[in-house]
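The values are calculated or read from the model by the stated rules, or taken from the named source; none is laboratory data. Not measured: the values here are computed from a predicted model. When we count neighbours, we look across all protein chains shown, and the Cβ atoms used for this are built from the backbone with ideal geometry, even at glycine.
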Amino acid sequence: MTRRNLLPFLSFIIASLLFKTSHAQQLPTKSPKIKTIIIDAGHGGIEPGAKGTYSTEAQITLQLALRLDTLLRNEMPDVRFVMTRTTDIFHNPKEKANIANRENGDLFLCIHVNAMPPKKEVIGYKSVAVTKKIKGKKKKVYQKVPIYKYSPNPTYGTSTYVWAADRSDEKSKGIIEDERYESSSEVMDVPDINSPEALIKARLWSQKFFKNSVRLASMIEDEFASSGRKSWGVLQRNNKGIWVLQATNMPAVLVETGFITNKEEEDYLNSETGQKEVVRSIANAVVKYKQMIDGK
């Protein structure tokens, strides 16, 4: 190529690059779907929750929730975080759900500590005098009753609960009344919240929330397992359910971070190292979940 032809060619290349750069800058960016995350420290105030040898569930959950809030704020500066409590106060489950829904949460993280009753073992029998009515007369008789020995329950490990799948109607009721989903085109547009179509829409949303709740719960338990913790996996409490998970109009999980009735885990959950590791595992999962939902 001659020098005379080189200058127009270079000008064309530079103009093309400038056009592409300008065009790329004008492309619309994807709006993030996870904008607000609710962090709930379980129990508190007049309801201390499970008790260990020297600490309570309410104390540990608040410490973990505060650490999680700080860590996630640093790693997700584009997200708004709301804590249901920052001090030792009591909120009933209804109020916790109201806070989450009122703040238009996109994700609900509930932090708890697990517990198991003492281990009971029969070590013998003894005779005890009891009064019984025999042929219309009261008589003292002796009967054998077991002698029990109680010892701390050795159960340990983590688990993450999602709302029970057979409680779809409870989840749907709240979604129907939430104006954020009244005119959403992502599922369907139903203006009349009392119509049968509205209930169908709400159930579709609840199914979506259930699927995403399971996704996040699985990620959390994978992180715990990767850090060396015993994981009991993703669970549902179908017989009684966990009301606060069903009443929140968003994907929701309840993280059981360990067993306070196991002395070794109680020490771990109260330690600086233990709390940092627990919070790190949850935070890793939340960051990955957001990236997945936002399509990054």
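Some observations on this one:
- Evaluation of LYS132 against (1) surrounded by 10 or more Cβ atoms within 10 Å (Cβ to Cβ); (2) within 28 Å of GLY52 (Cβ to Cβ); (3) not assigned by TED's automatic domain parsing to the domain that holds GLY42 (one fails), failing number: (2)
- Looking across region 47-65 at every residue that is part of a helix (DSSP H, G or I) and touching a helix residue (DSSP H, G or I) at 6+ places or on another chain (Cβ under 8 Å), the one that is nearest to CYS110 (Cα to Cα) is identified as LEU64.
- Hits in region 242-281 (condition: small (Gly, Ala, Ser) and surrounded by fewer than 21 Cβ atoms within 10 Å (Cβ to Cβ)): SER271, GLY274
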